[in-house]
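Following: one structure in structure tokens, then a few remarks.
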Amino acid sequence: MDERERFLADGRAALEWAADYLERVGELPVLAQVEPGEVRARLPAAAPEQPEPFEAVLRDLDEILLPGITHWQHPRYFAYFAVSASRPGVLAELLAAALNPVAILWRTSPASTELEGVVCDWVARLLGLPEGWHGHIEDSASTSTLAALIAARHATGRDLVVCSEHAHSSVEKGARMLGMRLRKVEVDDAFRMRVDGLDLSEAAAVVPTVGTTSTTSVDPVAEVADACARTGTWLHVDAAYAGAAMVCEEHRWAFAGVERADSLVVNAHKWMLTPMDCSLLWTSRPADFRAAFSLIPEYLRTPDAEDALSLNEYGPALGRRFRSLKLWAVLRCHGRSGLQRMIREHVRLAERFEGWVRDEPGWELCAPRPFSVVCFRREGSDADNQAILERVNAGGEIFISHTRLHDSYVLRLAIGSERTTEEDVRRAWDAIRAAAE
């Protein structure tokens, strides 16, 4: 068997494995069924001396690695922010790996550089963003926010970052890595950033959130933008989770004021069916991004294409993967209508679950539900609610996570998988009630 025939045979085997996995993932325990160190202990301490067949890789994937996988593709994965890598995105990831372009410059990968701009423009229009914003793709919202803070510091000459106490930890981490000061603002009863008395006079950047991590609350971006206008503060909006919901017009209330942002992040790998990693970062001030990041040593100079767009000048990384290909495939194969249908169904299912909790004696809702995440708890102690979470997750039927609100231990159920049905949500509620009893 020559190299091409072997590649085709191994490829068919890998594709069959992937197809079978996506069909049977709902039958597997959601949470990895291993102890810390167990997977490593079952693997050799050193790489093999001689080549092994690819079928050995698939065998060990089944026997050693799969028990250590927490199945984010599972229809009853309800922890953190549930996600899906749809089939078109999976296939496009394979093609991107086959092409393996490294887009350090426009010249080194014109197609991936220009397609990245195209898909960012497509998504911007799907979400109702202003025309003309510069968009590019980073690996995660943490990197996107870090890039925005770097640009803000460079543009303003200041070193203070302001966010709410419910902002994502990446804001604090970014400030820490950059040696910037951080000030957290209190939230109101709906867990939104309080803007009364908001002082941004020394701030380089303020980071309101559209869809906070704990409760998916929406900070008052328009009012924060007013404060930024008075002080020249950079406005970076973190819409990593909920930004995708803006593809549905009925959710656009949450983007009020976003058109005044200096930068905005939305993760396509959260609620847009795109495999990890794919974080979209837009800015209305591309010249400031370029001023902060552009560095062109002699070996990267291309006199015949000096004016061509090179995305390394707008973010921290030099080498860039062909991330736009999988998002392009998702957008083409699902379309606006497919994304809208999925998001609306997830919001409907969350509303159903919220209603079951509200109607059940002994249970309480703990936060408003603007999108597809429900925060709730059993009436009783924190220890009781923690025990419910541990019992239900150990059972393998579902996987949920928790947060802390008003100093109470609160359970979270997040719906985001394209495979989740109402029956899956009903099974989750039954499992949670059983664990409580």
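The values are calculated or read from the model by the stated rules, or taken from the named source; none is laboratory data. All values derive from a computational prediction rather than experimental measurement. Because the Cβ atoms are built from the backbone with ideal geometry, glycine has one as well, and the counts that use them run over all protein chains shown. Just the protein is used for accessible areas: all its heavy atoms, side chains included, with ligands, DNA and RNA removed. Shrake-Rupley method; radii C 1.70, N 1.55, O 1.52, S 1.80 Å.
Things to note:
- Full-extension gain in nm, residue 177 to residue 18, via 0.36 nm per residue minus C-alpha separation: 53.4 nm
- Farthest towards the positive end of the charge dipole of the chain, among the residues 225, 421, 94, is the Cα of 225, using unit charges on the Cβ of Lys, Arg, Asp and Glu.
- Estimated dipole of segment 264-379 in Debye, rounded to 20 [Cβ of Lys and Arg +1, of Asp and Glu -1, Cα centre]: 400 debye
- The charge dipole of segment 270-324, taken about its Cα centre with unit charges on the Cβ atoms of Lys, Arg (+1), Asp and Glu (-1) only, comes to about 360 debye.
- Along segment 101-118 the Karplus relation, 6.51 cos²θ - 1.76 cosθ + 1.60 evaluated at θ = phi - 60°, assigns HN-Hα couplings of x, 10, 8, 6, 9, 4, 4, 6, 6, x, 5, 5, 4, 6, 5, 4, x, 5 Hz to successive residues, with x for each Gly and Pro.
- By a 1.4 Å probe calculation restricted to protein chains, residue 184 has an accessible surface near 100 Å², given to the nearest 10.
- Short-range pairs are left out: with C-alpha atoms under 8 Å and at least six residues apart, the relative contact order of segment 105-252 is 22 percent.
- Relative to the Cα centre, the charge distribution of segment 94-202, modelled as +1 at Lys and Arg Cβ and -1 at Asp and Glu Cβ, gives a dipole magnitude of about 320 debye.
- Distance between segment 11-33 and segment 87-114 - C-alpha centres, whole angstrom: 25 Å
- Computed accessible area, residue 363, all protein chains, 1.4 angstrom probe, square angstrom: 20 Å²
- Taking every protein chain into account, the accessible area of segment 343-437 amounts to 42 square angstrom per residue (probe 1.4 Å).
- Given charges at Cβ of Lys, Arg, Asp, Glu: the chain dipole, positive-most of 197, 61, 253: 197
- Percent antiparallel among DSSP beta bridges (both partners in the chain, rounded to 5): 60 percent
- Once log10 I(q)/I(0) by the Debye sum over Cα atoms at q = 0.07, 0.08, 0.09, 0.11 Å⁻¹ is calculated for the structure shown, the corresponding label among (1) -0.38, -0.50, -0.64, -0.94; (2) -0.31, -0.41, -0.53, -0.80; (3) -0.52, -0.62, -0.70, -0.87 turns out to be (1).
- Across segment 51-60, rounded Karplus estimates of 3J(HN,Hα) from the backbone phi angles (6.51 cos²θ - 1.76 cosθ + 1.60, θ = phi - 60°) give x, 10, x, 5, 4, 5, 5, 5, 4, 6 Hz, Gly and Pro being marked x.
- Rounded accessible area of residue 7 (nearest 10 Å², 1.4 Å probe): 140 Å²
- Column: log10 I(q)/I(0), Debye, Cα scatterers of segment 329-393, q = 0.12, 0.21 Å⁻¹: -0.45, -0.88
- Cα-based Rg of segment 308-437 normalised by 2.2 N^0.38 Å, two decimals: 1.38
- Calculated mean residue ellipticity at 222 nm for the chain: -13000 deg cm²/dmol, from DSSP H runs with n ≥ 4 weighted as -39500 (n - 2.57), summed, divided by the residue count and rounded to 500.
- Label positions at residue 231 and residue 50, each projected 7 Å from the Cα along the C-beta direction, are separated by 6.8 nm.
- Relative contact order for the chain, counting Cα pairs under 8 Å that sit 6 or more residues apart, in percent: 21 percent
- Most positive-pole-ward Cα, 108, 141, 152, against dipole of segment 16-169 from beta carbon charges: 152
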